[in-house]
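Following: one structure in structure tokens, then a few remarks.
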Amino acid sequence: MAKKQAAAGGTIKVTQTGSPIRREKDQRATLIGLGLNKMHKTRELQDSPEVRGMIRKVAHMLSVEG
């Protein structure tokens, strides 16, 4: 089901819920790559395998909808 949605070009709403303080540099860079750098900031991103991989890497600091 998720693959069909990704192929259709849907979007994912991502909110940062965790702080990047005392995290690895690559996790901080991933948050910046997603356009997140402050607590409770929300972005609507294109649903693609690349974005899903980035979300998976920092899932412990994010809240994901849709």
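None of the figures in this text is laboratory data; all of them are computed from the coordinates on show. Computed from a predicted structure; not experimentally measured.
Here are a few things to note about the model shown:
- The chain: Lys pairs at Cα distance under 23 angstrom, eight or more positions apart or on different chains: 12
- Relative to the 2.2 N^0.38 Å rule of thumb, the chain has a C-alpha radius of gyration ratio of 1.08.
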